[in-house]
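Reviewing the structure listed below.
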Amino acid sequence: MSDQNQNKSLDQNQDQNKYGRTAVVMGGSSRERQVSLWSGAAVLGALQARGVNAFAVDGIAELLEKISQRLVDRVFIILHGPGGEDGTLQGALDALGVPYTGSGVLGSALGMDKMRSKRIWQTLLLPTAEFQVVHSNDSAESLVQNFGLPMVIKSNCEGSTFGITMARSLAEVAQGLVTSRAIGGEIFAERLIEGDECTCAVLAIDGKLVALPIIRIVPKDAFYDFDAKYLSDDTQYLVPSGLSAQLEAQMQACAIAAFEGIAASGWARIDFMVDQNAKAWLLEANTAPGMTSHSLVPKAALHIGIDFETLCLHVLDSSIKARNPSHDPSHDLNKGAAV
């Protein structure tokens, strides 16, 4: 065995001993099940390639069963949507004393709740588009009269563009209400910002929050929908983004502030719209971002030399540092850096 291969083998053994038996929980029962399976398969392969004793688990019930059998030392959460991304699973793992990746109960719950995230950002004077709760008795006519056009109709706690309608007419508002109400849960209307959709990943590296490069998303069609996100090869992901250096720096600082504001930890993706006056507006936070071949966090990380396997290990490291009782992650949140 060459010295290089021997050193790689030693590194892998160290990784395996460091993390123990790592359950990569994916799939589940949310509308984002398929995306989660794609993400989970990629993460699992990366961890195993680095010598981590990682194995796949489908959904929360199977995970809890394996924990009861004492087969799990820590959990890499790559469940998307309700149940896995909203604090439910995080609370169960906290109660059982099992370390896990990403945000805790509060950060996960707030990240999944778009309206309450926006309210927090408003109190912190961070830029986010005005919005209005849609009540069950609100009609399309009353919403247009009170809120105005154009608007976006959104389901509050869904991801992957489920339950979203871009509405520029009364008829589109009416259809958006039908679509979102069929999904269920809270609904809100948000001012439609015309411009570029961008994203900024925030990652904890060696106890310090780092804002990764901004990615500007250019879908083939006007709307960055499910097909454009996960299936189409026509969507362009521009990094460098083509935005000014000043605007990128402002967005990176804003992403870290938004991350801190909702008590996120470990990693997250913060989404923005940039309007025609080059002003950035916060859209939402994703505390268990996608890790598919089309996903944004790996693209941003690779741009600064962090390959996919190393990225997965950085995320897995958060399961050690953020849950260590001797370590107070709040001290890290004031030490953001942009790269």
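The values are calculated or read from the model by the stated rules, or taken from the named source; none is laboratory data. Computed from a prediction, not measured in an experiment: that's the story for all the values here. Virtual Cβ from ideal backbone geometry, glycine too; neighbours counted across all protein chains shown.
Before moving on, here are some points about what is shown:
Okay, residues lined up against (1) within 19 Å of the chain's Cα centre (by Cα); (2) buried (at least 21 other Cβ atoms within 10 Å of the Cβ); (3) modelled with pLDDT under 95:
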| site | (1), (2), (3) |
| --- | --- |
| F272 | yes, yes, no |
| D275 | no, no, no |
| S295 | yes, yes, yes |
| F308 | yes, no, no |
| S319 | yes, yes, yes |
| K335 | no, no, yes |
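- Unmet requirement for G27, which otherwise passes all of (1) in contact (Cβ under 8 Å) with a residue 12 or more places away in the chain; (2) out of contact with any strand residue (DSSP E or B) (no Cβ under 6 Å at 6 or more places or on another chain): (2)
- If the condition is being of a type outside the set (A, V, I, L, M, F, W, C) and in contact with a strand residue (DSSP E or B) (Cβ under 7 Å, 6 or more places away or on another chain), then region 104-145 contributes G111, K114, S117, K118, Q122, P127, T128, E130, Q132.
- The criterion of at least 2 residues that are under 15 Å from E284 (Cβ atoms) is met by the following strands (runs of 3 or more DSSP E) wholly inside region 130-181: 151-155.
- The one condition in (1) without any contact (Cβ under 8 Å) to a residue 60 or more places away in the chain; (2) surrounded by 15 or more Cβ atoms within 10 Å (Cβ to Cβ); (3) farther than 22 Å from A263 by Cα that R70 fails to fulfil: (2)
- Hits in region 89-132 (condition: aromatic (F, W, Y) and under 19 Å from the mean Cα position of the chain (by Cα)): Y100, W121
- When each of G107, G59 is tested for being on the phi > 0 side of the Ramachandran plot, outside the structural domain of A253 (by TED's automatic domain parsing) and crowded, with 17+ Cβ neighbours inside 10 Å, the lone residue that passes is G59.
- Every residue from region 182-211 that is out of contact with any Gly (no Cβ under 7 Å at 6 or more places or on another chain), within 30 Å of L316 (Cα to Cα) and in a strand (DSSP E or B): E197, C198, T199, C200, A201, V202, L203, I205, K208, V210
- Taking the criterion of being free of Cβ contacts under 8 Å to residues at least 60 places away in the same chain and in a loop (DSSP other than H, G, I, E, B), the only residue of region 288-305 that qualifies is G305.
- Boolean, Q132 is loosely packed, with under 15 Cβ neighbours inside 10 Å and either in contact with a Lys or Arg (Cβ under 8 Å, 6 or more places away or on another chain) or not charged (D, E, K, R) (or both): no
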